[in-house]
Amino acid sequence: MIILTDNAVNAVKTAMAQTSNGAEGLRIMVEAGGCAGFKYMMGLENAPRDGDVVIEQSGVKLFIDDRSQPLVSGMKVDFVTSLENSGFVFENPNAASKCACGKSFG
């Protein structure tokens with residue numbers, strides 16, 4: 001299960017309200033790449049795909065493909081705003097290491 005903080009929920013809801021493509025949820029997936037071996041990919045989606053697990057939290061649907069599920073299980077996703085930058089932050093208990101950008105892990 002993935003946990004979204006209140007800030008992350010609000011950020012996703014705001015993004016969904018601003019899109020005109022009828023997005024119903026947020027896809028979180030892991031792909032090979034990045035400086036630490038794997039990288040997080042996120043995007044608004046209209047519907048789940050075959051094999052997806054759908055998790056709903058505070059009115060936000062998360063779509064997670066079967067290959068990414070074991071890599072993100074137990075992960076906490078936050079959205080932070082600071083003077084330097086703003087964006088999603090991942091706290092993943094499955095990550096043995098992560099890079100400085102916070103978007104890649106190993």
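The values are calculated or read from the model by the stated rules, or taken from the named source; none is laboratory data. These numbers come from a predicted model, not from an experiment. With ideal geometry, Cβ positions are generated from the backbone for all residues, glycine too; neighbour counts draw on all protein chains shown.
Laid out as a table, the results:
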read-out: Selection from segment 81-99 of residues that are in a loop (DSSP other than H, G, I, E, B) and in contact (Cβ under 8 Å) with a residue 60 or more places away in the chain; value: S97, C99
read-out: Boolean, D52 is of a type outside the set (G, A, S), farther than 18 Å from F88 by Cβ and buried (at least 19 other Cβ atoms within 10 Å of the Cβ); value: yes
read-out: Segment 25-54, residues that are over 12 Å from the mean Cα position of the chain (by Cα) and touching a residue at least 40 places away in the same chain (Cβ under 8 Å); value: G33, G34, C35, A36, G37, F38
read-out: Whichever residue in segment 2-41 is part of a loop (DSSP other than H, G, I, E, B) and at positive phi and, among such residues, is surrounded by the fewest Cβ atoms within 10 Å (Cβ to Cβ); value: G22
read-out: Residue list for segment 65-80, restricted to those being touching a residue at least 40 places away in the same chain (Cβ under 8 Å) and farther than 13 Å from I3 by Cα; value: S68, L71, V80
read-out: Positions within segment 1-24 being over 14 Å from N46 (Cβ atoms) and without any contact (Cβ under 8 Å) to a residue 12 or more places away in the chain, in sequence order; value: T14, A17, Q18
read-out: Those residues of segment 1-37 which are of a type in the set (K, R) and in contact with a Leu (Cβ under 8 Å, 6 or more places away or on another chain), in sequence order; value: R27
read-out: Residues of segment 60-80 that turn out to be part of a strand (DSSP E or B) and either at pLDDT below 90 or β-branched (V, I, T) (or both), as a count; value: 4
